[in-house]
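Here is the structure we will look at, set down as structure tokens.
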Amino acid sequence: MRDDGYLMTRDLTAGRTAPLAAGAERPGDESVRVNDVWRAFGEREALRGVSLVVEAGEIHALLGPNGAGKTTLMRVLTGMLSPDRGSVEVMGMRAERLVSRGYRRLFGLVPSGDRTFYLRLSGLENLRFFGRLHGMSKRDATERAMTLLAMVGLDDVARAPVNTYSHGMQKRLSVARGMFADPPVLIIDEPTHDLDPENAERVRDLIRAVAHERATAVLWATQRLEEIRGFADRVTLLHRGEVKVTSSVPSFLAAVPDTSYLVHIRAADGSAPTAAACLVVLGPAATVDEAGDEPGHVVVTPVTGSTLGDALAPLLAAGYDVLGVREERPGVERAFLWFTREDGP
């Protein structure tokens, strides 16, 4: 960002930099459109009619196990692979067999397991080098690098060799490089799978700010199902090269029936009630089962159309204390298993 409050975005048609007012949306709501894309490697179909849309300012999670087609889709998006059928458009530009330099500049890429830094150079020198590859002057590249290093919390080690950085620090450096040219689209592959919770949250906070404050479209590929709750705006689940579902995260979870909860309950007299006793109080709002040999712990499953609050309200009204609640299985994981069943949802 410049001192005058403008973000700098690439004018691809003229090959020069043009200002975009801070907070303004980039042209068009749709940044990425994938339409019925197929891609095979020999007899193996890696993508089978994949379609999705990522809008400006949206964090779109791409979920799927190994072999689901996530990496192939990202390679098709960036022009490293051509689809056998279907089309890809990014910021109104269509990806052809030989994509232009202007098309490639639409993307910032944060790869998984990044080993492309020069370890004996400093973080500043690495970023400045990539800035020079973008055609920036040494001065502009240095200023941009220092701004980004501060954003990712590495300004205090800017001049230290990258081989002295921890793994989490190198990951944040990779995020900084992905944002170097202020791209309208960020593609991020498994950015937090080997980070500790604090560094993982720091990366998510950074990407959330970039997406929502700069109207950057983010495609976030992950297997960490738990991290999309409260972070992603929408989710697309890939399984064996096919889109199983695309929806908001709450809708994704709501499609899974009969979520069960492990509930720790204490009666008014301090005793640990049984599942049978709880069921008498709850009535038809939920089913209740024992939770192994743990006294005072029961498994509560609200009936369809009821929330956990509906189910527990009679217990609270009867004087029971609810000491703790957790989902039997994290909701996103349940949704993942539900949508990837062999017989389908």
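We did not get these values from a lab; they are worked out from the coordinates using the rules stated. This one's a predicted model, so the numbers in the text were calculated from it and none came from an experiment. So basically every Cβ, Gly included, is an ideal-geometry build from the backbone, and we count neighbours across all protein chains shown.
Only lysines eight or more places from K138 in sequence, or on another chain, were considered; those with a Cα closer than 29 Å are K171.
Going by C-beta contacts inside 10 Å, put K244, K138 in order with the fewest on the left.
Ranked by crowding around the Cβ, least crowded first: K138, K244.
What is the distance, in nm, between label points placed 7 Å from the Cα along the Cα-to-Cβ direction at A150 and at S137? Computed distance between label sites A150 and S137 equals 2.0 nm. Measuring spread by the Cα atoms of the chain yields a radius of gyration and Dmax of 24.2, 77 Å. Springs join every pair of Cα atoms under 10 Å in this Gaussian network model of the chain, and among S248, S260, S166 the largest mean-square fluctuation is at S166.
Positive end of the dipole of the chain (Cβ unit charges, origin at the Cα centre): among M179, A211, A232, the Cα lying farthest that way belongs to M179. Each residue of segment 61-72 is assigned a 3J(HN,Hα), and the resulting list reads 7, 10, 9, x, x, 4, x, 6, x, 4, 5, 4 Hz, derived from the Karplus form 6.51 cos²θ - 1.76 cosθ + 1.60 (θ = phi - 60°), x at Gly and Pro. For the options P250, P191, P83, a Gaussian network treatment of the chain with springs between C-alpha atoms closer than 10 Å singles out P250 as fluctuating the most.
Ordering L106, L323 by the number of other Cβ atoms within 10 Å of each residue's own Cβ, fewest first, gives L323, L106.
Working from label points 7 Å from Cα in the Cα-to-Cβ sense, the R208 to A40 distance is 4.4 nm. Can you show me the helix-derived [θ] at 222 nm for the chain, built from DSSP H runs with n ≥ 4 at -39,500 (n - 2.57) apiece and divided by the number of residues, rounded to the nearest 500. Helices in the chain give a 222 nm mean residue ellipticity of -8500 deg cm²/dmol. With both residues required to sit in the chain, DSSP beta bridges show an antiparallel share near 70%.
The C-alpha atoms of the chain define a longest principal axis, and helix 308-317 lies at about 40 degrees to it.
The H on the amide N of G49, modeled in the peptide plane, is under 5 Å from the matching H of V37, W38, R39, each at least 5 residues off or on a different chain.
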